[in-house]
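The values are calculated or read from the model by the stated rules, or taken from the named source; none is laboratory data. All of these numbers come straight from a predicted model, not from anything done at the bench. Every residue, glycine among them, receives a Cβ derived from its backbone with ideal geometry; neighbour counts consider all protein chains shown.
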Amino acid sequence: EYMGLEGACLKGSRCAPGYGGYLCKDCQSGYYADARGACAPCPAAAAGAFAGLVLLLAGGAVLAFGFALVRKSSDVVVRSRGFPGSISMVVQALQIVSIVAVAPLSWPQSVQRALNGFALFALDVNL
């Protein structure tokens, strides 16, 4: 028998703020389940922090690509692969982000949609 989380159900068959669904066991949009299973409001900075991480990765990729171009313009042959190493590094970084997307975490919907976009890179291109 499900007893519910203390404080989730109010009198009159109503749910406390942040709770919803059958027996008030689900968190509403804008809330996440904390370690105890209680619904807590999502921090406003979560989406901003994720966007910052993506921009940081993109900036690193651009720097790596620029470094590879400068190095390629020199007379020294570093390696003889078909693709520059920077492209491989970018694909690998995006693959790591796509792995985070499938982790059993309670991401906000906007972050989950963005993470799902990186699933395109979750393949072995063997660069």
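In this structure, residue 111 qualifies as modelled with pLDDT under 80 and surrounded by 11 or more Cβ atoms within 10 Å (Cβ to Cβ). Considering only residues in the stretch 7-20 that are touching a Cys at 6+ places or on another chain (Cβ under 8 Å) and outside any strand (DSSP E or B), the one that is farthest from residue 36 (Cα to Cα) turns out to be 16.
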